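Structure first, then comments.
The values are calculated or read from the model by the stated rules, or taken from the named source; none is laboratory data. Since this is a predicted model, take the numbers as computed values, not measurements. Neighbour counts are summed over all protein chains in view; Cβ atoms, including those assigned to glycine, are modelled from backbone coordinates with ideal geometry. In case anyone asks, the SASA skips ligands and DNA or RNA and just uses the protein heavy atoms, side chains included. Shrake-Rupley method; radii C 1.70, N 1.55, O 1.52, S 1.80 Å.
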Amino acid sequence: MKKFNVTVNGKSYAVEVEEIGAGPSGFTYVPTQPVTQAAMSPQPVQSNPVPQVAEAPKAVSSSASDELITAPMPGTILDIKVVEGQVVKEGDILLILEAMKMENEIVSPSDGVIKKINTSKGATVSTGALLVTIG
């Protein structure tokens, strides 16, 4: 028996694996269903699969000079540190986003004025969701 620690969805499990035989590569494949010749023939593999990503919603009322701050990951808005009309500098904390039980500070990428806050405290947001518009 060999023991391994396996982490699935952030939860760690201790597992024991029994080695039942070794082939030329060190492991023996034991099929659970009959294997046909068609199943064993090589299948083409896409060399660089491109993940399909949903586009973030676009703001309708923003001008070309506006900076759109979007959620970098899914989570919950714990706190909003700014108000509309407030002047912010690059690096100022705009809001706190909780993701995977960690508090993440979302900061201003540039100097500007908060034009619109597009979320609220306690809101659940997905990746790419519009949070703040800076002008």
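Listed values, structure above:
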item: Under-5 Å amide H pairs with VAL132, H placed in peptide plane, nonlocal only; result: ILE69, ASN118
item: Accessible surface of VAL107 - all protein chains present, 1.4 Å probe, nearest 10 Å²; result: 70 Å²
item: Cα-projected label distance for VAL8 with GLN86, points at 7 Å along beta-carbon direction, nm; result: 4.4 nm
item: Distance between modelled label sites at SER110 and THR76, nm, 7 Å Cα→Cβ extension; result: 3.4 nm
